Every structure is written in C-alpha cells, then in structure tokens.
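Asks: Encoded as structure tokens, here's the structure I'll be asking about.
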There are 2 protein chains.
Amino acid sequence: MNNKANRSGCPISSMLDIFGDKWSLLIIRDLIFSGKSTYGDFLKSDEKIATNILASRLLSLEENGVIKKLEHPDSKAKVLYILTDKGIDLLPVLLEIHFWSEKHLSISPEIQLLLKEVKKDKEKFIKTKTKELKAMFDVK
Amino acid sequence: MNNKANRSGCPISSMLDIFGDKWSLLIIRDLIFSGKSTYGDFLKSDEKIATNILASRLLSLEENGVIKKLEHPDSKAKVLYILTDKGIDLLPVLLEIHFWSEKHLSISPEIQLLLKEVKKDKEKFIKTKTKELKAMFDVK
DNA sequence: AAAATCACTTGCAAATTAAAAGTAATTATC
DNA sequence: GATAATTACTTTTAATTTGCAAGTGATTTT
C-alpha cells in the first residue's frame, strides 16, 4: 500500500488519502464506540475484515499517527491498540456520518433511538465522550 | 463494481458501502463547494481522476440517490449533474472532515482562514449553505 | 464540411483486495 | 512439562479494482 500519496492540498482529499477505503473508519468506530482494542477484537466485527487487510490498515493508521500500539496489560501474546488525540478527534466526523445514515439509510430502531438522544446536545456528547476517551487512552 | 453490498447494519459501515473509496466524496465536494456540475468539470479537479473511474462513481452515486443526471441547459452535448437532498445533507460530514484536517494535517493558510470563519457559527453556515444548494438544485 | 468538444467506453497492465492456509510467540490445559 | 489453544500476524494465490491510454459517437463550433 502506498500511504504516502498526497493527491492535492485539499483537506478532504488529504483526509481520504488516509481513510478513503471501506475499512479504516470501521476500526476507528470499533475503538471509539465498541471498546475494542485488540487485533482479535477487530476481526470479530460484523463486517468480517480479512486478516491481511486488518494488519495493513492497523499499520497505516499507526503510521499516520491515528492509533498507537502498546503492550497489553493482560498478556504478552496480545497487543493493545489505542487512539491518539488525532484519532479521538474523528468522533465528530463519525457522528455526522451516523446522523446522515440515520436520515437517509435504513438503520435499526435501537441505534435511531441512541442517535436521537445524542442529537439533543451534540456538543455536550462530543465533549463528554472525548474526555472519556482521552482518560481511557491516557493512562496507557 | 458491486454497489449493492451491505456488509452490516451499522450506519458507518452502510455509509462506507457507498462512499468508502478515494473518489466519491471528492465529487460531492466539487458539487457542494466548487460549483462543478459536468463530467468535464470533475475531470479538471486537482486530484486527476481517471475517466473510467469518474464514470463508474457518477453511476454509483446516481444509483444511490445522491446525485441526479439532467439535461444541460446550455448544450445537448453536456450533462448536468446535481445533488439530491440526500447529497446536500453530506455537508456536515464534509465540514467535520475539513475541521479534522485543519487541526491534524497541513492545510493552506487561505483554507484555514475560511474554516475559522465557518467554525464561528457552524449551524448558521450549514443552514445558509444548505438553503443555497437546495435553491440551486431545485429549479432544475 | 471539418475540426473541436463532450461524455463517455474499451482494453490492458498494475495494484489492491479477499480468502485461505501457515507461522511464531505466548498462554492455558492435561 | 508436554500438548493444545490462543494471539497476532504473514504468505500465497485468485479475483477484483484501479489507472492509463486510446478509442467512439453525438453534438457544437469554426
């Protein structure tokens, strides 16, 4: 994979140079919303990413400073993946994607309900969740 | 291209089933921020999309109800592409991507300045721009 | 009538993805 | 303490997608 390609100076284009595929943002989603943190965790997600693709995406996200690899506290056989501040800051992007999907695609009632709650005070949710994530990933 | 794949019920995943590549959101960007509306316009963008890729993405976006093809008022040789409401509603997503890129990647001073303005009142900007786009694409 | 423009399509090589099997280190089990 | 699981990958190979270049056919301009 050529991760270094910077196709233009456009902010959207530059962001897509990193995340413009079907998998990278799902890893971020798992880290932010599902408390997943290991290679095995990510493999278990519903979308069933292939092992080699997962490895290449984790490497790419690490190279781009979005995630970090750490020793797992429970076992030397495990690796702990955490979000950097750069990664945590993707929360607003993922939230707006959620809102768009809720409005324009068919989404499960449970998630709809959750999003309706979040929508009541976006800024507050972002602040609270960001703080939570920073605390969670900071100790490490 | 298989556009029908719905990998899971997750809103993020479903959105990526449509936009999870390096090009689709750039077309939306061009429609929202650059006033582009023809095949030739999109080809001229800095990222230099290949002609066959552009054609396949335009088809995919149309099939997904994000854009529409119309007769061009100026010429029968041209085709006018416009955003649907579903497409216009991607504005908040693109804005948050902009903000993320501005914070974490190197972005030109001019764009930084523009974004700083937008940030002062996000909601207002979104409302104004949305209204503008709806008016623009509604007459057609 | 001829040349240019416009929106594509086609053909092919190169790159990426996906599926499956394999590996090495560590940990749990008998 | 040996054996089987688990964990995080890597490797291999086939299928799909991308990217480049060269068409094509319908308009439009010269």
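Asks: Hey, can you find the accessible area per residue of the stretch B:1-91 for me, probe 1.4 Å, expressed in square angstrom?
Replies: Values: 4050 Å² over 91 residues.
Here the residues of the stretch B:1-91 average 45 Å² of exposed surface.
Asks: Considering only protein heavy atoms and a probe of 1.4 Å, how much of the accessible area of the stretch B:11-138 is carbon and sulfur, as a whole percent?
Replies: 55 percent
Asks: Based on the Kirkwood radius over alpha-carbon pairs, what is the Stokes-Einstein translational diffusion coefficient of chain B at 25 °C with 0.890 mPa s viscosity, in µm²/s? Don't skip to the end; give the middle numbers.
Replies: Numbers: Rh = 16.3 Å.
Estimated via Stokes-Einstein, D reaches 151 µm²/s.
Asks: I need the Kirkwood Rh of the stretch A:20-61: take the reciprocal of the average 1/r across all distinct C-alpha pairs and report it in angstrom.
Replies: 10.1 Å
Asks: Under the definition of partner shielding as Cβ atoms of other protein chains within 10 Å of a residue Cβ, what is the mean value for peptide A:84-93?
Replies: Averaged over the peptide's residues, the number is 4.
Asks: Starting from the amide H of residue A:67, placed 1.01 Å from N in the peptide plane, find each other amide H under 5 Å away whose residue is 5 or more places distant or on another chain.
Replies: Here A:62, A:84 satisfy the definition.
Asks: How much space per residue, in cubic angstrom, does the convex hull of the C-alpha atoms of the stretch B:25-99 take up?
Replies: 91 Å³
Asks: Which order do peptides A:42-50, A:19-27 fall in by mean Cβ count within 10 Å, highest first?
Replies: Values: A:42-50: 14.9, A:19-27: 22.3.
Top to bottom by mean Cβ count within 10 Å: A:19-27, A:42-50.
Asks: State, as an integer percentage, the relative contact order of chain B based on alpha-carbon contacts under 8 Å between residues 6 or more apart.
Replies: Reported as a whole number, the value is 18 percent.
Asks: Right, something else. How large is Rg over Rh for the protein assembly as shown, taking Rg from the Cα atoms and Rh as the Kirkwood inverse mean of 1/r across Cα pairs?
Replies: Checking Rg against Rh, the ratio lands at 0.96.
Asks: Using a probe radius of 1.4 Å on protein heavy atoms only, what is the accessible area buried between chains B and A, both sides summed, to the nearest 100 Å²?
Replies: That pair hides around 3700 Å² of surface in total.
The values are calculated or read from the model by the stated rules, or taken from the named source; none is laboratory data. No experiment lies behind these values; they were computed from the predicted model shown. Methodologically, a virtual Cβ is constructed for each residue, glycine included, from the backbone with ideal geometry; neighbour enumeration extends over all protein chains shown. The accessibility values were calculated without ligands, DNA or RNA, using every heavy atom of the protein model including side chains. Shrake-Rupley method; radii C 1.70, N 1.55, O 1.52, S 1.80 Å.
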